[in-house]
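Structure, as structure tokens:
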2 protein chains.
Amino acid sequence: MADGISSAEVDRPVYTHQAVRLDEGIDLECGVHLAPLDIAYCTYGVLSPARDNAILVCHALTGDQYIAEPSPVTGKPGWWSRMVGPGLPIDTDRFFVICSNVLGGCMGSTGPKSIRPDTGRAWDTDFPQITMHDIVAAQVRLIDYLGIGRLFAVVGGSMGGMQALTWVADHSDRVFAVMPIATSPFHSAQNIAFNEVSRQAILADPHWHGGRYRDFGEIPARGLGVARMMAHITYLSEEALTRKFGRRTRREVATTSKSADAEASSLFGEIFEVESYLRHQGSTFVRRFDANSYLTITRAMNYFDLAAEYDGDLAEAFRKCETRFCVVSFSSDWLFPTSQSRVLVRALNRAGANVSFVEIESDRGHDAFLLDEPDFDRTVRGFINGAAEHAGLKWGNSDAG
Amino acid sequence: MADGISSAEVDRPVYTHQAVRLDEGIDLECGVHLAPLDIAYCTYGVLSPARDNAILVCHALTGDQYIAEPSPVTGKPGWWSRMVGPGLPIDTDRFFVICSNVLGGCMGSTGPKSIRPDTGRAWDTDFPQITMHDIVAAQVRLIDYLGIGRLFAVVGGSMGGMQALTWVADHSDRVFAVMPIATSPFHSAQNIAFNEVSRQAILADPHWHGGRYRDFGEIPARGLGVARMMAHITYLSEEALTRKFGRRTRREVATTSKSADAEASSLFGEIFEVESYLRHQGSTFVRRFDANSYLTITRAMNYFDLAAEYDGDLAEAFRKCETRFCVVSFSSDWLFPTSQSRVLVRALNRAGANVSFVEIESDRGHDAFLLDEPDFDRTVRGFINGAAEHAGLKWGNSDAG
């Protein structure tokens, strides 16, 4: 096991969650040197003596490092606990799985709520603007720290897929296989537009205080809640919303803030179930996520456009790369539609990369990658196991490749 | 020309815009009797001696009665001035075209900003919740007042299409032909969800004041702006956004409210053009539209579900109706997708109605019905002229049928 990893937890599956502080910090694309650099992460499984079985899982916009164990904040099961674990498609009996909270996040890695050494106050809106390259560069520091030269695989959905693609573009020699899932090589105009609405909702909140809400002991909860509600719609398909809620109504629960919600009462004292669901999504989100992190990370997504860095030719980002790709999209995902995965796949083909592409039939929208989708599970298991065979990974006598 | 109409304007095309106050008021579905009832409207063209050439155009959520003349509020051309006018598909040389501001609106018809007789203050959040049936019932009063027994046609897009369908469901004997455009016989779970986000954005604004913002001399401009920005995304297709803006950036214009917008500055001092466009859409909207009207009307849309009123059988809403239908959808409209028009058309077929259905190929999304779409223009002209022939309309010697 690598330096810095201790098995503080003894439950099955074995997991550790901890943070490393790298005093030397990191040079960001915008020119700022950010130090120290904290990276909070979890690991699952055991790193092989050859250090060749590590899988980095990259989380999405509002995800965190708690893939396969309950979140210490919400107590809910890990966000990919149906995918990562003993015997699961990403099998922690075989692989050493790492997930770190992204740079700019709010779950232990350096971000807007971290204390700025020179002022002793939180960075907040003064946190430097980061990019997907910076997020990956921070992960590189963690992988170095763990003593891992080459990752067996990098896997990520949505913004996690952007990180996975950036890993290959920036460090293809350090990634044997990659799975970009429900993602895109660029953030679309529509997605930039949705992010802008989110941001304006947060900035409109009276508790925003120009981003210095911590100084006032407040959070822009309503604005952030509105942002989350809107984003949540984009994560689901119209079919999924119709199946889950349709036009069903329920009797409205009395609110505590009567005057502010006076308008919320409906024609017959009932509200639509989808309204109730969205309000719940908004109100639980603000308890676990920081508004300045949300703004920082969504902007990093907005700036993501790999082709633009190669004179508009996406293939150049992957020229001469030996990494094996498995690109996955979902048929009803309208946030990161299959057409955007096809742009990626065509570029990979032009670059002569080793690529397979699967569009999973699902009517559950973007969120499908987090849900029980047997075809998707089979795809992940098949690609990981096949790549492990090609990589010549060994797991002792009983269960070799 | 009917009672109550004067030709105050002499420009070509001839138009009048005025309001009528009906002291007897109106009984609403919710049980409230609302009096007086003001209806602000515009007319174009001349009512025939037989009073058989009237076309009622129903406007969409944020539309108004100024179809074919500049809005007195914004100074911009009428919202359908490319469709309604002399020689245009809805030809004011032949037809007498009427458009009234909807009940609940904010352009002269009775709505939340109207003065309540018993209190002398604006209704605001006490304005009774209205339905699409109430909106149409108010239009019926106007048509009665104008001395028109049967409308030659009712035409409307988006929420205007909901009104058109309601006209036929409630008064098929008074509608010879109907064009429901880019609309649906029910408001979908996804659309209810988007409306809920809009509402929460408005309620989150500190200037909302529990809906009593007028008493404070304020408007919840940022919340309403956020609502409009989000809605605007849903009016366009991803293709349209990509073509119009893509990922292009521009140098950011300095804002007056530096502290509130501190976060708005971007990585390289530039913002995406789509961001700038949406902010403009939001900020201009709040100058012309009332937040309480927005909430009242969106909720009326939420409650729209014709089939539910007929034990779930939409065909029953149109049983034995003689009205001629032309249903129009646009291929890239994801707010009111073609699938929802198909639900309507199948029900009309089951009801044995006279129906034609056209899906216009367009990549411009929901807004296509307001834009230059030659196939759509041809469809409108063809249906209107064909129906006029069937109705046996005469226009003197020179241009009959």
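The values are calculated or read from the model by the stated rules, or taken from the named source; none is laboratory data. Given the structure is predicted, the values throughout are model-derived calculations rather than measurements. Virtual Cβ from ideal backbone geometry, glycine too; neighbours counted across all protein chains shown. Note: accessible area is taken over every heavy atom of the protein model, side chains too, but ligands, DNA and RNA are not part of it. Shrake-Rupley method; radii C 1.70, N 1.55, O 1.52, S 1.80 Å.
Checking residue A:148 against (1) open to solvent by less than 10 Å² (accessible area, probe 1.4 Å); (2) in a helix (DSSP H, G or I); (3) out of contact with any helix residue (DSSP H, G or I) (no Cβ under 6 Å at 6 or more places or on another chain); (4) among the hydrophobic types (A, V, I, L, M, F, W, C), only one condition comes out false. Which one?
Failed condition: (2).
Which one is farthest from residue A:55 (Cα to Cα), of the residues in region A:159-176 that are open to solvent by 10 Å² or more (accessible area, probe 1.4 Å) and of a type outside the set (Asp, Glu)?
Result: A:169.
Given the criteria more than 12 Å from chain B (Cβ to nearest Cβ) and at pLDDT 95 or above, does residue A:298 qualify?
no
Yes or no: region B:250-259 includes at least one residue that is modelled with pLDDT of 95 or more, outside the structural domain of residue B:387 (by TED's automatic domain parsing) and hydroxyl-bearing (Ser, Thr, Tyr).
No, region B:250-259 has no match at all.
Only one of these conditions is not met by residue B:378: (1) at negative phi; (2) surrounded by 15 or more Cβ atoms within 10 Å (Cβ to Cβ); (3) of a type outside the set (Val, Ile, Thr). Which number is it?
For residue B:378, the failing item is (2).
Taking region A:185-194 as the search range and keeping residues that are more than 7 Å from every other protein chain (Cβ to nearest Cβ) and in contact with a strand residue (DSSP E or B) (Cβ under 9 Å, 6 or more places away or on another chain), which one is surrounded by the most Cβ atoms within 10 Å (Cβ to Cβ)?
Within region A:185-194, the match that is surrounded by the most Cβ atoms within 10 Å (Cβ to Cβ) is A:185.
Need at least 3 residues that are over 24 Å from residue A:392 (Cα atoms) and not charged (D, E, K, R) per element, so show me which strands (runs of 3 or more DSSP E) inside region A:36-115 make the cut, counting only ones lying wholly within it.
A:37-44
Residues are listed down the side, and each one gets a yes or a no for (1) more than 30 Å from residue A:49 (Cβ to Cβ); (2) charged (D, E, K, R); (3) out of contact with any Cys (no Cβ under 6 Å at 6 or more places or on another chain):
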position	(1), (2), (3)
A:343	yes, no, yes
A:347	yes, no, yes
A:354	no, no, yes
A:361	yes, yes, yes
A:365	yes, no, yes
A:369	yes, no, yes
A:381	no, yes, yes
A:387	no, no, yes
A:390	no, no, yes
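Check A:145, A:235 and return the single one that is over 30 Å from residue B:231 (Cβ atoms) and either touching an Asp or Glu at 6+ places or on another chain (Cβ under 9 Å) or more than 10 Å from chain B (Cβ to nearest Cβ) (or both).
Going through A:145, A:235 in turn, just one is over 30 Å from residue B:231 (Cβ atoms) and either touching an Asp or Glu at 6+ places or on another chain (Cβ under 9 Å) or more than 10 Å from chain B (Cβ to nearest Cβ) (or both): A:145.
Under 9 Å between Cβ atoms, at least 6 apart or on separate chains: pull out the pairs that start in region B:133-148 with a residue that is under 16 Å from residue B:59 (Cβ atoms) and not assigned by TED's automatic domain parsing to the domain that holds residue B:99 and end on any residue that is open to solvent by less than 10 Å² (accessible area, probe 1.4 Å) and of a type in the set (Val, Ile, Thr).
Taking only residues 6 or more apart or on different chains, not a single pair turns up.
For the subset of region B:117-133 comprising residues that are within 14 Å of chain A (Cβ to nearest Cβ) and open to solvent by 20 Å² or more (accessible area, probe 1.4 Å), which member is nearest to the chain's Cα centre (by Cα)?
Filtering first and then ranking leaves B:133.
Answer yes or no: is there a residue in region B:19-42 that is small (Gly, Ala, Ser), buried (at least 19 other Cβ atoms within 10 Å of the Cβ) and either assigned by TED's automatic domain parsing to the domain that holds residue B:235 or modelled with pLDDT of 95 or more (or both).
yes
Suppose we keep only residues that are more than 7 Å from chain A (Cβ to nearest Cβ) and more than 30 Å from residue B:63 (Cα to Cα) within region B:267-288. Which one would you say is modelled with the lowest pLDDT?
Ranking the qualifying residues of region B:267-288, first place goes to B:268.
Applying the selection to region A:302-343, what residues are assigned to a helix (DSSP H, G or I) and away from chain B (no Cβ under 12 Å)?
A:309, A:310, A:314, A:315, A:316, A:317, A:318, A:338, A:341, A:342
Listed here are the residues, each with its yes/no results for (1) surrounded by fewer than 24 Cβ atoms within 10 Å (Cβ to Cβ); (2) more than 21 Å from residue A:387 (Cα to Cα).
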position	(1), (2)
A:67	no, yes
A:72	yes, yes
A:77	yes, yes
A:89	yes, no
A:93	yes, no
A:96	no, no
A:100	no, yes
A:103	no, yes
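If we scan region A:209-224, do we find a residue that is more than 9 Å from chain B (Cβ to nearest Cβ), in contact with a Cys (Cβ under 7 Å, 6 or more places away or on another chain) and open to solvent by less than 10 Å² (accessible area, probe 1.4 Å)?
Scanning region A:209-224, I find no residue that is more than 9 Å from chain B (Cβ to nearest Cβ), in contact with a Cys (Cβ under 7 Å, 6 or more places away or on another chain) and open to solvent by less than 10 Å² (accessible area, probe 1.4 Å), so the answer is no.
In region B:159-189, how many are more than 30 Å from residue B:388 (Cβ to Cβ) and either of a type in the set (Phe, Trp, Tyr) or without any contact (Cβ under 8 Å) to a residue 40 or more places away in the chain (or both)?
Total meeting the criteria: 2.
Residue under question is residue A:201, and the condition is that it be within 12 Å of chain B (Cβ to nearest Cβ), under 16 Å from residue A:297 (Cβ atoms) and open to solvent by less than 20 Å² (accessible area, probe 1.4 Å); does it hold?
Yes: the conditions hold for residue A:201.
Touching a helix residue (DSSP H, G or I) at 6+ places or on another chain (Cβ under 9 Å), closer than 28 Å to residue B:239 by Cβ, crowded, with 16+ Cβ neighbours inside 10 Å and not assigned by TED's automatic domain parsing to the domain that holds residue B:282: is that true of residue B:327 in this structure?
yes
Condition first: open to solvent by 20 Å² or more (accessible area, probe 1.4 Å) and either within 21 Å of the chain's Cα centre (by Cα) or at pLDDT below 95 (or both). Now tell me which residues in region B:346-362 satisfy that.
Listed by number, the residues that qualify are B:357, B:358, B:359.
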